[in-house]
Every structure is written in structure tokens, then in C-alpha cells.
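Everything on this sheet refers to the single structure shown next.
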């Protein structure tokens, strides 16, 4: 009888422990679901604000009048853009007419690896030109090759990357050391060369595909 009572007691303890664990799991899951739902809107709004801030660095807000974040199209992984995964093109319009494409690109041949970029390409009929470019990710040498990022560039009045603004397809997309028109800085030519050539390829891609990208639903 004593053994039976002990077994019954142990069974009750196990059942009570299991019930407590189930109730704890349900409560925790409910709490996490509530936190997700209650913060989802704020997180999405913050993400949208950050995207618009970044886009605003390459394309002035007064250049378009459409809801840019809602007017986008997916681009399949494109070697011309240096992208190994799908990305998005944001389509800027004014009075219903196409004015620019904001696209992601990458230079795979930076000194320390891939250099990630975002750029806006203004479109005007068959013509296309760069509005501006920004580096969004890199591992270039601090104090040497990281001048490609205007936040790290010591020349705050005329950051190196601003020289691409207004450049079109007629340019030779090479640095001066390679016979082109774009400056590089002593001791860090590889970083400048990689970015310059990547921007040129992205510009050509945007020019070649602008009609298709703007036409896609």
C-alpha cells in the first residue's frame, strides 16, 4: 500500500508539473504574440523611415511625387549589378512619368572583399545618368580605402564619391590611373577602381532595363 501511495503521489506531482509547464508555455507564447502584434507597426514604420532616409541620400525627395516604397519591383540576381541574390528597384515618378530608379549594386572586387552600394539613376528618354551613390557596406582598410564611404571620408566638403553625380554613359567608367576621368587617392586605388566600375555597370544595367522595370506591375 505504501508503494502504491508513493506511486500515486509521484504521478500527481508529474501531472501537476506537466500542467504548470503547459500553462507557462501558453502564457509565454501569448505574451510573445502580443508583443509582436503591438510592436509590428512601429518596427515597420521605423524600417520604412530608414529606407527613405537612405534613398534620400541618393535621390532628393522633391525629385518624385509617388509613394516610392510602394512602387518597387524585384530584380533577379544580376551579375551586372554584382548581386548574387534578388534585390529591389524603387521606381521614382513625377506627375506619372518615370524620373529615376533607385537600385542596389555591389563591387565584388574591393581590396577587402565586396563593397555594397545604393545608387539612383535618373532616366530621361533613352538617356541615363547617376544622381548619387552611397556605400552601404564594406570592409575596406580604415584610414586608407574607407574614403569611398562619405561618412569616413576626411574631405567633408567634397567627398570622393560625390564625383559620380551627373555622370552618364558617355563617361569612361575608370579611374584616372587606368585612363579614365574619375579620381582615386594615393595608396587606395583598388577600392576606388572597384566602386567606379561597379557604378558604371549599374548605370548601364539601369539604362538597358529602364523601360522593362517601369512597365512591370
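The values are calculated or read from the model by the stated rules, or taken from the named source; none is laboratory data. On a predicted model such as this, the values are computed, not experimentally measured, just so you know. Every residue, glycine as well, gets a Cβ built from its backbone with ideal geometry; the counts of neighbours run over all protein chains shown.
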Task: Residue in the stretch 117-134 that is surrounded by fewer than 20 Cβ atoms within 10 Å (Cβ to Cβ), under 16 Å from residue 196 (Cα atoms) and out of contact with any strand residue (DSSP E or B) (no Cβ under 8 Å at 6 or more places or on another chain) present - done: no
Task: Selected residue (criterion: nearest to the chain's Cα centre (by Cα)) from residues of the stretch 152-181 that are assigned to a loop (DSSP other than H, G, I, E, B) and within 18 Å of residue 141 (Cβ to Cβ) - done: 152
Task: Conditions (1) surrounded by fewer than 18 Cβ atoms within 10 Å (Cβ to Cβ); (2) assigned to a loop (DSSP other than H, G, I, E, B): number failed by residue 184 - done: (1)
Open item on the list: Can you list residue pairs whose Cβ atoms sit under 9 Å apart, with the first residue in the stretch 42-58 being modelled with pLDDT of 55 or more and the second being surrounded by fewer than 13 Cβ atoms within 10 Å (Cβ to Cβ)? Count only pairs 6 or more apart in sequence or on different chains.
Closed with: 52/61; 55/61
- [ ] Say whether the condition of being closer than 21 Å to residue 213 by Cα and not in a strand (DSSP E or B) is met by at least one residue in the stretch 91-111.
- [x] yes
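Taking the condition in contact (Cβ under 8 Å) with a residue 40 or more places away in the chain and in the same structural domain as residue 192 (by TED's automatic domain parsing), does residue 118 pass?
Yes.
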Task: Sole exception among (1) at pLDDT 95 or above; (2) more than 21 Å from residue 52 (Cα to Cα); (3) touching a helix residue (DSSP H, G or I) at 6+ places or on another chain (Cβ under 6 Å) for residue 188, by number - done: (1)
